[in-house]
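Notes follow once the structure below has been shown.
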Amino acid sequence: MPVENQNTTPRRALVTGAAGGLGREVAVQLARRGCVVAVTDINGEGLAETITLIGEVGAESESIVGDFTGEGAPEAAVEKVVARWGGIDILVNNAGYGVIEPFLDATYRAWTRTLALNVTALAMACKAAGRVMREQRSGRIINITSPGSRMALPDYTAYTASKAGVDSITRAAAVALAPYGVLVNSLAPGMMDTEMQRSTEVDLARANGRDDLQAFLDERTRRIPLGRRAEIAEVAEAVVWLCLDSPKYMTAERLNMSGGLDKD
Ligand SMILES: NC(=O)c1ccc[n+]([C@@H]2O[C@H](COP(=O)([O-])OP(=O)(O)OC[C@H]3O[C@@H](n4cnc5c(N)ncnc54)[C@H](O)[C@@H]3O)[C@@H](O)[C@H]2O)c1
């Protein structure tokens, strides 16, 4: 599919966690919509494939390989985008980490690793991009949250707590940046069969003593009111809508793309 709006200034986007799954799809869809796209991930090999896919669309890209939880890493990524293209119009905070761990077996390592990426790095990225967007008097930030943020999941509490943190940061950042016309929203995807979801559910089945993995997965799918798991592409379409098309009066919103799983 060709790049659209070739005669207008391309919007400058940064997508985190773009080596695969939702982040890669969002990056490629943004490229198709005429954006220049910087992508970042700890997985350099996957990121290189994403860069190839963006190149096939004919869009400019920038690759930033590294651990996003390092002190200063989110700020450095935003700086790289600004140095290359002179500003940043879109930030998609998509990188995420989670580990199945029964609540009474909680480990310091799992909690700190989860919160470092899903909460601290995300907040620092919002801050760094927000400072540039404040000067520009424009910009959009989209944080990827989860239906889990409002559920009691005792085998996945560090993750759900971190996503409740994402909801909190989204609200605060939206209010902090509203005077400058910068929009901050979040999106909660339902179950998509990505690398992360698949390995999480394998571990969840094990933690629940289930060795009939397919039956376990089918039971979970049946709980979704629409009766099926989400396609990565359709969730990405909704993220891209928030990046480019949603009304300018919409901020501090949480968009549910979970097939009816999340109803609030
Ligand atoms: N898959 C689902 O069903 C589902 C449901 C709800 C929410 N989500 C959220 O969607 C987002 C995307 O997840 P996905 O399902 O596409 O999984 P994914 O595993 O494909 O994507 C997550 C990416 O984050 C990267 N990452 C992990 N730790 C990192 C670090 N320290 N530094 C830099 N990058 C790091 C991974 O390498 C990976 O590419 C996540 O925020 C996840 O919590 C997913």
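The values are calculated or read from the model by the stated rules, or taken from the named source; none is laboratory data. Being a predicted model, the structure only gives us computed values, none of them experimental. Note that each Cβ is placed from the backbone with ideal geometry, even for glycine, and that neighbours are counted across all protein chains shown.
Observations on the structure shown:
- The condition of being more than 13 Å from the ligand (Cβ to nearest atom), closer than 24 Å to Thr112 by Cα, touching a residue at least 12 places away in the same chain (Cβ under 8 Å) and assigned to a helix (DSSP H, G or I) holds for only one of Ala173, Ala178, that being Ala173.
- Within region 198-214, the residues that satisfy the criterion of being surrounded by 13 or more Cβ atoms within 10 Å (Cβ to Cβ) and closer than 17 Å to Pro154 by Cα are Thr200, Glu201, Val202, Asp203, Leu204, Ala205, Arg206, Ala207, Arg210.
- Criterion (farther than 23 Å from Leu91 by Cα, within 16 Å of the ligand (Cβ to nearest atom) and in contact (Cβ under 8 Å) with a residue 40 or more places away in the chain) met by exactly one of Asp203, Asp218, Asp167: Asp203
- Matching entry among Ala48, Ala19 (being within 16 Å of the ligand (Cβ to nearest atom), over 16 Å from the mean Cα position of the chain (by Cα) and at pLDDT 95 or above): Ala48
- When residues in region 224-254 are screened for being in a loop (DSSP other than H, G, I, E, B) and either within 13 Å of the ligand (Cβ to nearest atom) or more than 17 Å from Met191 (Cα to Cα) (or both), 13 of them pass.
- Residue match in region 3-12 (condition: basic (Lys, Arg) and assigned to a loop (DSSP other than H, G, I, E, B)): yes
- Qualifying residue in region 128-148 (condition: part of a helix (DSSP H, G or I) and closer than 29 Å to Asn208 by Cβ): yes
- Subset of region 96-121 (residues that are crowded, with 18+ Cβ neighbours inside 10 Å, in contact with a helix residue (DSSP H, G or I) (Cβ under 6 Å, 6 or more places away or on another chain) and not aromatic (Phe, Trp, Tyr)): Gly96, Gly98, Ile100, Glu101, Ala110, Thr114, Leu115, Asn118, Val119, Ala121
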